[in-house]
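*Asks:* I'd like to ask you about the structure that follows.
Every number here is computed from the coordinates shown, using simple stated rules; none is lab data. No experiment lies behind these values; they were computed from the predicted model shown.
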Amino acid sequence: MFENLSERLDRSFKLLKGEGKITEINVAETLKDVRKALLDADVNYKVAKQFTDTVKEKALGQNVLTSIKPSQLMVKIVHDELASLMGGTAAEIDLKGSPSIILMSGLQGSGKTTFTGKLANMLKTKKGKSPLLVACDVYRPAAIEQLKVLGEQIGVPVYAELESKSPVEIALNAIKEAKNKGNDLVIVDTAGRLAIDEQMMQEITAIKNAIQPNETLFVVDAMTGQDAVNTAKEFNERLDFNGVVLTKLDGDTRGGAALSIRSVVDKPIKFVGTGEKMDALDVFHPDRMADRILGMGDIVSLVERAQEQYNEEEAKRLQKRIAKNQFDFNDFLTQIQQIKKMGNLKELASMIPGVGKALKNIDIDDNAFKSIEAIIFSMTPEERVNPGVLNGSRRQRIATGSGTSIQEVNKLVKQFEETRKMMKMLTAAKPGARKLPSFR
Ligand code: GDP
């Protein structure tokens, strides 16, 4: 995410590396470079100019602090300004009322339907909500079907009326249905078009007026850069939406939309989509995003994801098994599955400070665990619990069964033994070191 921008900004700061103090001249030079980096990342021209003007003013104003190196001072100021450009603090979503109602808007293909599913999933699992999804696209039966499939995946009901041609009626009926069935959250997915069009605008405005949602969210594809910003502007003029959802941030987006939208439409980015799966959704935190843009990593989000997967019981069970040297291939498999649940590997690694840049040209195969899993799945229950029995012929059988080679099987068994030894050493070291690293 935003790799080019991160690299370019890093280079701009290097211009200040050898300098003893901040001066008009070296600041101007650095900021010229920063502005170019922002423009190349497709940041709105006015936004980029205003950004560098503010940074310049702050940098020159803080010159008295001679104990801080100019390059560090500049990184700090740019960081804080980036965060403030994106809205400062994370914006809340209004879930008052019963049911609370959320209306989706955006162009076709922006990721509206996918986000509808993701949001329902997030609010159901994290806030204990009982959502009802509403399919209001009366033009594309496939869109209704898509929402139904997503609803089934996340175990959330979907309201649709195949014979009705009135999205307003469908939405109103859905709210009645939610009240009857006790759903405390209604998320209304609407029809989009490939480009802004008057009929679409009238339709969504009519739905909004009729259902009076707590939140109207505008969903936009981050990959479309400045177009995303222009579309946001038009939707906002008509709908006065409450917040923006930026999707496809997992792709090769340059960052322009994320950095410009807030200051152009004056509405916060509330969520970002980072993949096609139902759990690939993050609440947007401007400060953490600024950290990531500047290659400072995002340890807070990483720890949060780990916490979500952390299971106290499981950790205790594992700790006991390690202490007794009983850690086996079944435990190994469980651990791999937990890591996989945390998300895309390259994205996870890039949240570690300093690692993102190093990974830029390295391809981390998200299927890295696949052959390991296949090998373990090809073992008999006895072999998984007692790897000591793995002789040559058993290893050959496992390699054939898992579609790997005997070398790969040997490597995994060796790695497993080493991990086991290391874990045993860690837990046996000192009384204070007896605990597994805890996230709480
Ligand atoms: P809609 O027409 O606005 O409802 O858009 P869809 O929800 O159908 O999404 C269009 C395409 O974008 C689908 O193929 C989705 O799987 C994909 N998509 C949606 N959100 C994301 C995301 O955050 N990341 C990625 N990589 N793809 C996404």
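*Asks:* Tell me, what is the percent relative contact order of the stretch 3-85, built from C-alpha pairs under 8 Å that lie six or more residues apart? Mind showing how you got there, number by number?
*Replies:* Values: 66 pairs, mean separation 30.9, N = 83.
That works out to 37 percent.
*Asks:* Moving on. Among the lysines, which have Cα under 18 Å from the Cα of residue 76 when same-chain residues fewer than 8 positions away are ignored?
*Replies:* Answer for residue 76, where 18 Å is the Cα cut-off: 14, 17, 21, 32, 56, 58, listed by chain and number.
*Asks:* Using Cα pairs under 8 angstrom and six or more residues apart, how large is the relative contact order of the stretch 100-289, in percent? List each step's numbers first, then the result.
*Replies:* Working: 364 pairs, mean separation 48.8, N = 190.
Here the relative contact order equals 26 percent.
*Asks:* Okay, moving on. Among the aspartates and glutamates, select those whose C-alpha is under 13 Å from the C-alpha of residue 69, and discard any that sit fewer than 8 residues away in the same chain.
*Replies:* Residue 69 reaches 19.
*Asks:* A further question on this structure: Just to be sure I understand: of the beta bridges DSSP finds with both ends in the chain, what percent are antiparallel, rounded to 5?
*Replies:* Numbers: 3 of 26 bridges.
In the chain, DSSP labels about 10 percent of beta bridges as antiparallel.
*Asks:* Over the chain, what is the mean sequence separation of C-alpha contacts under 8 Å (at least six apart), divided by residue count, expressed as relative contact order in percent? Before the final figure, lay out each step's value.
*Replies:* On the way: 682 pairs, mean separation 73.1, N = 440.
Computed value for the chain: 17 percent relative contact order.
*Asks:* Would you mind checking the pairs 248/414; 316/346; 118/233; 341/411; 46/96 and listing those with alpha carbons more than 27 angstrom apart?
*Replies:* Values: 248/414 39 Å; 316/346 29 Å; 118/233 25 Å; 341/411 24 Å; 46/96 37 Å.
Listed pairs above 27 Å: 248/414; 316/346; 46/96.
*Asks:* Quick check on the chain: helices-only [θ] at 222 nm, where DSSP H runs of length 4 and up contribute -39,500 (n - 2.57) each and the sum goes over total residues. Nearest 500, please.
*Replies:* Working: 20 runs with 249 residues, N = 440.
For the chain, the value works out to -17500 deg cm²/dmol.
*Asks:* Taking square-rooted eigenvalues a ≥ b ≥ c of the alpha carbon gyration tensor, is the chain rounded, prolate or oblate, where a/c under 1.5 means rounded and, failing that, a/b exceeding b/c means prolate? Let's see the in-between values first.
*Replies:* Details: a/c = 2.18, a/b = 1.16, b/c = 1.88.
Cα axes put the chain in the oblate bin.
*Asks:* Under 5 Å between amide H atoms, partner at least 5 residues away or on a different chain: which partners does residue 267 have, H built in plane at 1.01 Å?
*Replies:* Here the answer is none, since no amide H 5 or more places off falls under 5 Å of that of residue 267.
*Asks:* Next up: What is the gain in length, in nm to one decimal, between residue 17 and residue 276 on full extension, counting 0.36 nm per residue of separation less the C-alpha to C-alpha distance? Could the numbers behind the result be given before it?
*Replies:* Numbers: separation 259, 0.36 × 259 = 93.24 nm, distance 4.10 nm.
Length gained between residue 17 and residue 276: 89.1 nm.
*Asks:* Through the Karplus equation 6.51 cos²θ - 1.76 cosθ + 1.60, θ set to phi - 60°, convert the phi angles of the stretch 334-339 into ³J(HN,Hα) values in whole Hz; use x for Gly and Pro.
*Replies:* These are the phi-based 3J(HN,Hα) values: 4, 4, 4, 5, 5, 4 Hz.
*Asks:* Another question about this same structure. Could you pull out every residue, at least 5 positions away or on a different chain, whose amide H is within less than 5 Å of the one on residue 103? Hs are placed 1.01 Å off N in the peptide plane, and Pro or chain starts have none.
*Replies:* Residues meeting the criterion, in which the H sits 1.01 Å from N, are 188, 215, 216, 217.
*Asks:* How long is the gain from residue 49 to residue 385 if the chain were fully straight, where each residue apart is worth 0.36 nm and the alpha carbon distance is subtracted?
*Replies:* Values: separation 336, 0.36 × 336 = 120.96 nm, distance 6.26 nm.
So the chain would gain 114.7 nm between residue 49 and residue 385.
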